[in-house]
Amino acid sequence: MSILLFTLILLVGAFLAGLVGSLTGLGGGVIIIPLLTLGLGVDIHYAIGASIVSVIATSSGSAAAYVKEGITNIRIGMFLEIATTLGAIGGAIIAVYLNPSFIAVVFGLILIFSAVMMVVKKKGTSENQKTSKLALYFKLNGSYPIDGVEKPYKVHRVVGGFFMMLFAGTLSGLLGIGSGALKVIAMDNIMSMPFKVSTTTSNFMIGVTAAASAVVYLHRGQIDPGIAMPVCIGVLFGATLGSKILVRTKADKLKIIFAGVVLFLAIQMIYNGLSGSI
């Protein structure tokens, strides 16, 4: 395969990955890594390095819009980024010592979990009235706009959310994905934050988490510009188009379809990991 053909396939594949990732909220990494490893035979460590770069690009663009709208809780994001950054660096360091087949199986299992979370309906608001001393001390309670009115919310179980973020960060560094589903669980289910605030704050954090692990992959020479550049460009354009389509389309039906695609990719990753093909 020529370099030109390889680059064109990467651009088109990354564009579709960014489009699907934007429509489902999972990010492009869940499609990019199977495309590179299963479709193009790229070493999984280099695939993860390219995915991490694309995560930084897409997160930075969308996160800025949510911050401007006042939905993102920046204080919680900055506080929990301590955990995700430490976890991401640790996961990136551990990755070099793990068998690629094992990483592929873990990636497949996380894909299955993400597909399930994609179709589970969430409540848009939180009725939680409890808070904790840590939340009060760090001033983590906040508010967000609903129909032009600021709705206040309270945060509790901060320690539990922090440790869940540590786990999410580790998986981000290990697998090269945003681990958005786990971050939302930490804020939505454990800390009882409104779902809209959880998802936007998670998006805000994903770029910083990816940047931390990218340093480790860059130091090891596992971010190849020939792979990372077309992936980054394709995902960025795909995510931009996806965000525009999402405004005019009902996401529920799309998520069910794409959940099936993600499940198929998960089975392929697990099968190839167990058989030693990766």
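A few remarks follow.
- Here Leu241 fulfils each of the conditions (1) more than 25 Å from Gly70 (Cβ to Cβ); (2) buried (at least 24 other Cβ atoms within 10 Å of the Cβ) apart from (2).
- Selection count where residues are over 30 Å from Leu98 (Cα atoms) and of a type in the set (A, V, I, L, M, F, W, C), scope the stretch 125-184: 9
- Selected residue [surrounded by 24 or more Cβ atoms within 10 Å (Cβ to Cβ) and part of a helix (DSSP H, G or I)] from Val215, Val235: Val235
- Every residue from the stretch 186-212 that is closer than 21 Å to Gly70 by Cα, part of a helix (DSSP H, G or I) and among the hydrophobic types (A, V, I, L, M, F, W, C): Ala186, Met187, Phe195, Val197, Phe204, Met205, Ile206, Val208
Table: residues versus (1) modelled with pLDDT of 90 or more; (2) buried (at least 18 other Cβ atoms within 10 Å of the Cβ); (3) farther than 22 Å from Ala14 by Cβ.
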{"site": "Lys121", "(1), (2), (3)": "no, no, yes"}
{"site": "Ser126", "(1), (2), (3)": "no, yes, yes"}
{"site": "Ile146", "(1), (2), (3)": "no, no, yes"}
{"site": "Phe163", "(1), (2), (3)": "yes, no, yes"}
{"site": "Met193", "(1), (2), (3)": "no, yes, yes"}
{"site": "Thr200", "(1), (2), (3)": "no, yes, yes"}
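The values are calculated or read from the model by the stated rules, or taken from the named source; none is laboratory data. Quick caveat, the model's predicted, so the values are computed rather than measured. Note that we place each Cβ from the backbone using ideal geometry, even for glycine, and neighbour counts take in every protein chain shown.
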